[in-house]
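The values are calculated or read from the model by the stated rules, or taken from the named source; none is laboratory data. What you see is a predicted model; the values in this text were computed from it and never measured. Ideal geometry is used to build each Cβ from the backbone, glycine not excepted, and the neighbour counts take in all protein chains shown.
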Amino acid sequence: MPKRTTVHDIWSMKKRGEKIPMLTCYDYTSAKILDEIGVPILLVGDSLGMVVLGHESTLRVTLEMMIHHSQAVSRAAKKAMIVIDLPFATYSSSDLPLSLRTAARAMAEGEAQAVKVEGGRRMAPVVGTLVASGIPVMGHIGLTPQSIHMIGGYRVQGRDEEAANRLILAAQALEKAGAFALVLELVPADLAQKISKMLTIPTIGIGAGPDCDGQVQVFHDAMGMFEDFSPRHAKRYANLAPVIRGAAKQYLDEVRAGTFPGPEHSFGGGEVVKSVYGKPAEEEPADPKKTKP
Ligand code: KIV
């Protein structure tokens, strides 16, 4: 059984000055690839509402949706720590029992190892309550998409002195409440550097400059699969949308022309086919009627 990344590993990485990469992940197939190459943290982010489900914001995402996707990730990811976002309005400092029930379901049913909650100082009681129940919590400050209608738009946070101080106080309060790491989203690079130096827990930046202890990117942005908009802080490591378009177009052309399926994708009546799934024949389940005792 491979060893899975723990909060202690994440803390050790910060101590050693080793950068912490995190990627969002929402499905089994991608999780298998990302886990295999050693991504230490996979975030089942509520960004799935936008990049997977096509909503305009993350607000339509429910706990059931988060659990559904987290389970798929968990079936593949055996080494990465799986962090699951608690969705909009399923946790609040004014209802700590609700927050605990939500986080417990997300962890247990979503088979995750930690949860992430959005919000500044007002979220400290939630973090404290969850941590007291043995749930590792990642905080998330700066641009918090679940509060987009309070914030008024997807823009950089903490630009003036007062807003910067608020973020510093929030970071300190969340660390004190027991958060094991903190996402800084759309925060000026110098402020993110200051917060990262100030805290003993790691910061994971997105649009927060190079001096955070780690970085997170939305998978569909990084792979160039989501084309509705391209945030400035997202780097395209691949351009998969045109690749998929080209491959799908070739498929359409071949079906229309009658050149697919060819003989190699078809079965003859008398042919002995060992496996239709491309697995080695030994992996086929043995037919108990044909095996001798
Ligand atoms: O849901 C998400 O993808 C996130 C990241 C942007 C940090 O919260």
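Residues checked against (1) surrounded by fewer than 24 Cβ atoms within 10 Å (Cβ to Cβ); (2) at pLDDT below 95; (3) of a type outside the set (A, V, I, L, M, F, W, C):
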| site | (1), (2), (3) |
| --- | --- |
| 135 | yes, no, no |
| 139 | no, no, yes |
| 149 | yes, no, yes |
| 159 | yes, no, yes |
| 170 | yes, no, no |
| 177 | yes, no, no |
| 193 | yes, no, yes |
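Sort out which residues of segment 139-173 are within 19 Å of residue 128 (Cβ to Cβ) and either in contact with a His (Cβ under 9 Å, 6 or more places away or on another chain) or in a loop (DSSP other than H, G, I, E, B) (or both), and write them in order of number.
144
Checking the structure you have, find out if any residue of segment 119-133 is within 11 Å of the ligand (Cβ to nearest atom) and either crowded, with 24+ Cβ neighbours inside 10 Å or assigned to a loop (DSSP other than H, G, I, E, B) (or both).
For segment 119-133, residues within 11 Å of the ligand (Cβ to nearest atom) and either crowded, with 24+ Cβ neighbours inside 10 Å or assigned to a loop (DSSP other than H, G, I, E, B) (or both): absent.
Go over the candidates 112, 104 one by one and state the one that is farther than 19 Å from residue 223 by Cβ and within 14 Å of the ligand (Cβ to nearest atom).
Exactly one residue qualifies, and that residue is 112.
When the residues of segment 1-44 are narrowed to those that are of a type in the set (Ser, Thr, Tyr) and within 17 Å of the chain's Cα centre (by Cα), which ends up nearest to the ligand (Cβ to nearest atom)?
Ranking the candidates gives 24 first.
Condition (residue is small (Gly, Ala, Ser), within 16 Å of the ligand (Cβ to nearest atom) and under 30 Å from residue 142 (Cα atoms)) applied to segment 236-255: is it met by at least one residue?
For segment 236-255, residues small (Gly, Ala, Ser), within 16 Å of the ligand (Cβ to nearest atom) and under 30 Å from residue 142 (Cα atoms): absent.
Give all pairs with beta carbons closer than 8 Å in which a residue from segment 15-28 that is within 10 Å of residue 45 (Cβ to Cβ) meets a residue that is assigned to a strand (DSSP E or B) and small (Gly, Ala, Ser); count only pairs at least 6 apart in sequence or on separate chains.
Short answer, once both residue conditions are applied: 22/214.
Within segment 139-167, restricting attention to residues that are within 17 Å of residue 126 (Cβ to Cβ) and polar (S, T, N, Q), which residue is farthest from the ligand (Cβ to nearest atom)?
Of everything passing the filter in segment 139-167, 147 is farthest from the ligand (Cβ to nearest atom).
Check 181, 170, 192 and return the single one that is in contact with a strand residue (DSSP E or B) (Cβ under 6 Å, 6 or more places away or on another chain), more than 18 Å from residue 117 (Cα to Cα) and within 16 Å of the ligand (Cβ to nearest atom).
When all the criteria are applied, what remains is 192.
For segment 199-221, check the following and say yes or no: at least one residue is touching a Leu at 6+ places or on another chain (Cβ under 8 Å), of a type in the set (Val, Ile, Thr), at pLDDT 95 or above and more than 20 Å from residue 43 (Cα to Cα).
No, the conditions are met nowhere in segment 199-221.
Matching residues to (1) within 15 Å of the chain's Cα centre (by Cα); (2) surrounded by 24 or more Cβ atoms within 10 Å (Cβ to Cβ):
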| residue | (1), (2) |
| --- | --- |
| 60 | no, no |
| 69 | yes, yes |
| 72 | yes, no |
| 77 | yes, yes |
| 80 | yes, yes |
| 84 | yes, yes |
| 90 | no, no |
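Can residue 186 be described as of a type in the set (A, V, I, L, M, F, W, C), at positive phi and either within 14 Å of the ligand (Cβ to nearest atom) or touching a Cys at 6+ places or on another chain (Cβ under 8 Å) (or both)?
Yes, satisfied.
Please determine whether any residue of segment 227-244 is among the aromatic types (Phe, Trp, Tyr), more than 32 Å from the chain's Cα centre (by Cα) and loosely packed, with under 12 Cβ neighbours inside 10 Å.
No: segment 227-244 contains no residue that is among the aromatic types (Phe, Trp, Tyr), more than 32 Å from the chain's Cα centre (by Cα) and loosely packed, with under 12 Cβ neighbours inside 10 Å.
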